[in-house]
Amino acid sequence: SSGINAECPLRPGIKQFLEKENYTFTSDTDTEVIPKLAHYIYHHSEEGKTLSFTEVVERVISQLEGAFALVFKSTVFPKQIVAVKRGSPLLVGIKSERDISMDKVNISYRQKENSGDRAFNIAGQSAEYFFASDASALIEHTDRVIYLEDDDVTSIVDGSLRINRLKEHAKTDETTSRQITTLRLQLQQIMKGNYSTFMEKEIHEQPESVMNTMRGRIDFTSDMVRLGGLQSHANAIKRCRRIIVIASGTSYNSGVATRQLLEELSDVPVVIELGSDFLDRRCPVFRDDVCIFISQSGETADTLNALRYCKSRGALLLGITNTVGSAISRETDCGIHINAGPEIGVASTKAYTSQIVSMVMLSVMIGSDSISKQKRCADIIQGLKELPELIRKVLKKNDEILALAKELFEEKSLLLMGRGYNYATCLEGALKVKEVSYMHSEGILSGELKHGPLALVDENMPCVIVVVKDNTYSKCHNALQQVKARQGRPITICEEGDTEVQDMSFRSFSLPSTVDCLMNILAVIPLQLLSFHLATLKGLDVDCPRNLAKSVTTE
């Protein structure tokens, strides 16, 4: 048997029991125990050899806890495959000689009388089946897929596909089938094209990806934002007493990047939470809260578990994802699909900027009813209109960023400092540098500089400081002076024409000016390029950094 994605703690004592039964293990992973447990159940349990392959797998998963997506094969059951998931994503792709006329696969329930044999097969033609944890892996083979639900046990026997469930859960009481959906991905979208890596391609796709996020949602002539996925819940969102944004990693940083604007235009407290910490603290959540869950994949385990916790408290749930049909998009009350296109590189780039744009549009939608905020909303919409072209201008500085990377790639550490809207820029830039170049990097709030981090600054410590002309300009300028006074080598990201900042800098990169809440989108692009060049100069694989996965589907 083989696992697509598994981090599934076994029930206590199973490994020790198998060792007593003379099974040996070559690793400390729980995943290795799974096929050996299946072997024991079939060969040594009382009813073992009377069981079908599906029944063996069902008995195995009854001993598993946590998240997993598993596909089983066995020499005992040739030409059969059984797949099962819980918590982690799993899709089945179906490819046939002719178009599939059916749009669903019926479910059989073991504990339900008269559920019958509901095998799916394609009459008069052969079919191929593919299992994957992400749709982008299937698109070169087929565009017809089934998104499996937790505890679906899917088997392929003699060319027929069956989906069994041990019992009916509350959610699946409402359905007796799984839909066969058509992917909207195009093969060329997941190919590198003229770029050497997916990360480089995705960085340079951002003018198009942010435009796609806005397409059909902003009327630039009337300065109106229309988010169809929120329409039926818009009034409830505007009446809420508190907004809680829950996310992890890069998605969390996009929440930090837009919190200030969301507070300004909603006039309610906005709390940003890491999914894992939120669950550890069991935060109080109320019925008049709006909980926003941000996830590129829509399958992030911590965020998804936080969603289910908030759902049990009766809050309104809003999802922001890049994946149609994902768990978060299915389980929230409403949401925004960011339409950034497939993101293959593990280090998120274009999804981050599209998440910010989505949160900005949400903020404008909430604030648009207030007469006092209409001028502010109109300025932001004008800024969004100009954003794709401004991103293209920033991307033209690629050669300047490469020259800086050649000076820095042998350094051991890098500090990034910012304030206001650009604190998130520093968090995200530091995360990118850590993810792909393995260099220690830290994003610091400039206001905290004298509370400890200033001790790190000397002539050997490279420091990136974001100084743009928003309401924090004078304070960020002061932080620049503090670094300069300690013989630091400040590398600044500032606005075009700011000669005062440029003259104080060891190196400086200028950005075109736009509305304050969108400057963090422009400011993060040099840092994305810097992390990419640092990694490539070190000869590292930027698309698949060590120890990391694209979708974190386990806790």
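Applying the condition of being in contact (Cβ under 8 Å) with a residue 12 or more places away in the chain, closer than 21 Å to Leu37 by Cα and of a type in the set (S, T, N, Q) to region 63-103 and asking which residue is surrounded by the fewest Cβ atoms within 10 Å (Cβ to Cβ) yields Gln63.
Inclusion of Cys377 among residues that are open to solvent by less than 10 Å² (accessible area, probe 1.4 Å) and more than 27 Å from the chain's Cα centre (by Cα) is warranted.
Residues of region 381-421 that are open to solvent by less than 50 Å² (accessible area, probe 1.4 Å), closer than 25 Å to Glu208 by Cβ and not in a helix (DSSP H, G or I): Lys397 alone. Selection within region 391-406: residues that are touching a residue at least 24 places away in the same chain (Cβ under 8 Å) and touching a strand residue (DSSP E or B) at 6+ places or on another chain (Cβ under 9 Å). The member of this set that is farthest from Glu496 (Cα to Cα) is Leu404. Going residue by residue through region 480-491, is there one that turns out to be farther than 28 Å from Glu273 by Cα and touching a residue at least 40 places away in the same chain (Cβ under 8 Å)? For region 480-491, residues farther than 28 Å from Glu273 by Cα and touching a residue at least 40 places away in the same chain (Cβ under 8 Å): present. Looking only at residues of region 232-286 that are closer than 15 Å to Met359 by Cα and in contact with a Pro (Cβ under 8 Å, 6 or more places away or on another chain), we find that the one that is most open to solvent (accessible area, probe 1.4 Å) is Glu263. For Lys550, the stated conditions do not hold, so it cannot be described as over 21 Å from the mean Cα position of the chain (by Cα) and of a type in the set (Lys, Arg).
Conditions (1) modelled with pLDDT under 90; (2) surrounded by 24 or more Cβ atoms within 10 Å (Cβ to Cβ); (3) of a type in the set (A, V, I, L, M, F, W, C); (4) assigned to a loop (DSSP other than H, G, I, E, B), marked per residue:
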position	(1), (2), (3), (4)
Gln502	no, no, no, no
Ser505	no, no, no, yes
Ile521	no, yes, yes, no
Leu527	no, yes, yes, no
Leu530	no, yes, yes, no
Gly539	no, no, no, yes
Asp543	no, no, no, yes
Ala549	yes, no, yes, yes
Val552	yes, no, yes, yes
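When the residues of region 152-194 are filtered to those that are within 23 Å of the chain's Cα centre (by Cα) and part of a loop (DSSP other than H, G, I, E, B), the one that is modelled with the lowest pLDDT is Gln186. Collect the residues in region 471-516 that are β-branched (Val, Ile, Thr) and touching a helix residue (DSSP H, G or I) at 6+ places or on another chain (Cβ under 9 Å), keeping them in residue-number order. Within region 471-516, Thr472, Val483, Ile491, Thr492, Ile493, Val501, Thr514, Val515 qualify.
Among the residues of region 336-349, the one identified as within 23 Å of Lys238 (Cβ to Cβ) and surrounded by fewer than 24 Cβ atoms within 10 Å (Cβ to Cβ) is His337.
Within region 321-331, is there a residue that is within 14 Å of Leu362 (Cβ to Cβ), in contact with a Ser or Thr (Cβ under 7 Å, 6 or more places away or on another chain) and not aliphatic (A, V, I, L, M)? Scanning region 321-331 turns up at least one residue that is within 14 Å of Leu362 (Cβ to Cβ), in contact with a Ser or Thr (Cβ under 7 Å, 6 or more places away or on another chain) and not aliphatic (A, V, I, L, M). Any residue at all in region 113-125 that's open to solvent by less than 40 Å² (accessible area, probe 1.4 Å), assigned to a strand (DSSP E or B), touching a strand residue (DSSP E or B) at 6+ places or on another chain (Cβ under 7 Å) and at pLDDT 85 or above? For region 113-125, residues open to solvent by less than 40 Å² (accessible area, probe 1.4 Å), assigned to a strand (DSSP E or B), touching a strand residue (DSSP E or B) at 6+ places or on another chain (Cβ under 7 Å) and at pLDDT 85 or above: absent. Of all residues in region 459-478, those that are of a type in the set (Ser, Thr, Tyr) have Cβ atoms under 6 Å from Cβ atoms of residues that are outside any strand (DSSP E or B) and open to solvent by 10 Å² or more (accessible area, probe 1.4 Å), 6 or more apart or on another chain, in Thr472/Arg419; Thr472/Gly420. Of all residues in region 302-335, those satisfying the criterion of being in a helix (DSSP H, G or I) and open to solvent by less than 10 Å² (accessible area, probe 1.4 Å) are Thr303, Leu304, Ala306, Leu307, Cys310, Ala327, Ile328.
The values are calculated or read from the model by the stated rules, or taken from the named source; none is laboratory data. Every value quoted in this text rests on a predicted model; they were computed, and no experiment measured them. Counting neighbours? That spans all protein chains shown, and the Cβs are built from the backbone with ideal geometry, glycine included. These area figures cover heavy atoms from the full protein model, side chains too; ligands, DNA and RNA do not enter into them. Shrake-Rupley method; radii C 1.70, N 1.55, O 1.52, S 1.80 Å.
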